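Asker: Dropping a structure here in structure tokens format, bear with me for questions.
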């Protein structure tokens, strides 16, 4: 639906809402969680270096760790929100419970969730 542009049709409003209100925020925070630890480094032909501007200070590991904790908390919040929504509204999304071609059945337990594969 996304590739064909059919997601914008009124008949697909549930899928558009799922994408815009639940999947996008979750994906944004998980993407940030994956990127953040590497954001202070630069990789080029000379190897790996650390970004340092003229008027900048380096952060210590505890600052990075605290920020990563906040980012992961947000990602987990949006994951729980998504799982609650999709489980409660699974009748709107029949693909969620239908297994085909050896796919896995959905894990509906937010406590066992660790991350999305991007």
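The values are calculated or read from the model by the stated rules, or taken from the named source; none is laboratory data. Quick caveat, the model's predicted, so the values are computed rather than measured. Neighbour counts run over all protein chains shown; Cβ positions are idealised from the backbone, glycine included.
Asker: Count, please, the residues in region 44-94 that happen to be outside any loop (DSSP other than H, G, I, E, B), at pLDDT below 80 and surrounded by 10 or more Cβ atoms within 10 Å (Cβ to Cβ).
Answerer: Total meeting the criteria: 1.
To keep it simple, each residue is scored yes or no on (1) touching a helix residue (DSSP H, G or I) at 6+ places or on another chain (Cβ under 9 Å); (2) under 21 Å from residue 28 (Cα atoms).
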position	(1), (2)
60	no, no
65	no, yes
68	yes, yes
72	yes, yes
76	yes, yes
79	yes, yes
84	yes, yes
90	yes, no
93	yes, no
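Asker: For a quick check of your reading of the model, give me the residue pairs whose first member lies in region 59-71 and is free of Cβ contacts under 8 Å to residues at least 40 places away in the same chain, whose second is part of a helix (DSSP H, G or I) and exposed (fewer than 14 other Cβ atoms within 10 Å of the Cβ), with beta-carbon atoms closer than 6 Å and at least 6 apart or on different chains.
Answerer: Close Cβ pairs satisfying both conditions: none exist.
Asker: Can you tell me which residue in region 22-38 is nearest to residue 79 (Cα to Cα), limited to those that are more than 12 Å from the chain's Cα centre (by Cα) and surrounded by 13 or more Cβ atoms within 10 Å (Cβ to Cβ)?
Answerer: At the first step, the residues of region 22-38 found to be more than 12 Å from the chain's Cα centre (by Cα) are 36-38.
When the remaining residues are screened for being surrounded by 13 or more Cβ atoms within 10 Å (Cβ to Cβ), the result is 36-37.
Working: 36: 19, 37: 21 Å.
Result: 36.
Asker: Any residue in region 41-52 that is at negative phi and free of Cβ contacts under 8 Å to residues at least 12 places away in the same chain sitting within a Cβ distance under 7 Å of a residue that is in a strand (DSSP E or B) and exposed (fewer than 10 other Cβ atoms within 10 Å of the Cβ)? List the pairs, counting only those 6 or more apart or interchain.
Answerer: That search, which allows pairs on different chains as well, returns 41/48; 41/50.
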